[in-house]
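The values are calculated or read from the model by the stated rules, or taken from the named source; none is laboratory data. Nothing here was measured: the structure is a model prediction, and the numbers come from that model. Reconstructed Cβ throughout: ideal geometry from the backbone, glycine too, with neighbour counts over all protein chains shown.
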Amino acid sequence: MKLVKGLFVQLLLMGTLLTSFLVSSSAEDFDFDELPHVEIINTEDFRIDSRLAVQKQTPILILFSMEGCTWCHYVEEEHLKPMLRNSEYGKKVIIRRVMTDDYGDLIDFNGNTISSSDFSIRYDANLTPTVVFLDHHGNQLSRILGVRNTEYYGGDLDDSLDLSLQMIRKQLALLK
């Protein structure tokens with residue numbers, strides 16, 4: 001019995017030391033600044049994005065954001081930027097941003113000049129962050145309004161992307 005207790009204590013001690021080492025070394029050795037720098041493009045001309053969407057056969061994800069919006073920053077940093085760093089997402093979606101509090105103009109899918117705030121109203125993006133998936137004509141495929149739960153947001157984003165991809169594939173199948 002003494003031998004079993006001794007082995008148990010040694011195993012417990014080794015497990016604690018190993019866990020301590022792994023946690024401290026992974027936190028110290030990993031440099032978050034080494035991640036590739038990516039930026040979410042504030043689009044100015046959706047005709048360009050439309051052509052790219054046709055070429056890649058993907059939806060366009062638009063983050064409607066606002067300066068100083070904490071949840072918008074969360075969506076960008078924790079979800080959209082990692083998607084931009086992942087080449088698999090590069091094959092599935094075009095990611096853009098529209099600042100709802102920007103008073104500048106952009107060009108919509110039909111080539112019309114429109115203010116960023118009016119463009120946001122067109123897609124009912126009164127609350128930020130709002131993520132909208134569009135086809136190359138600017139038709140809404142799916143949307144995520146706000147951030148309801150941080151633990152499930154990534155899954156919600158992937159589900160909306162998958163749904164949008166399915167809808168685009170159906171559109172393309174009808175054209176063939």
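In segment 57-99, the residue that is surrounded by the fewest Cβ atoms within 10 Å (Cβ to Cβ) out of those that are touching a Ser or Thr at 6+ places or on another chain (Cβ under 9 Å) and hydroxyl-bearing (Ser, Thr, Tyr) is TYR74. Just one of GLU76, GLU88, GLU28 is among the charged types (D, E, K, R), modelled with pLDDT under 95 and under 14 Å from the mean Cα position of the chain (by Cα); which is it? Residue meeting the stated conditions: GLU88. Looking at the structure I just gave you, is ILE144 part of a strand (DSSP E or B) and either β-branched (Val, Ile, Thr) or at positive phi (or both)? So ILE144 passes the test. Is it the case that THR128 is touching a Cys at 6+ places or on another chain (Cβ under 7 Å) and in contact (Cβ under 8 Å) with a residue 60 or more places away in the chain? The answer is yes for THR128.
Taking every residue in segment 73-94 that is within 14 Å of LEU157 (Cα to Cα) and pairing it with any residue that is crowded, with 20+ Cβ neighbours inside 10 Å and of a type in the set (Gly, Ala, Ser), at least 6 positions away or on another chain, the pairs with Cβ-Cβ distances below 6 Å are ILE94/ALA53.
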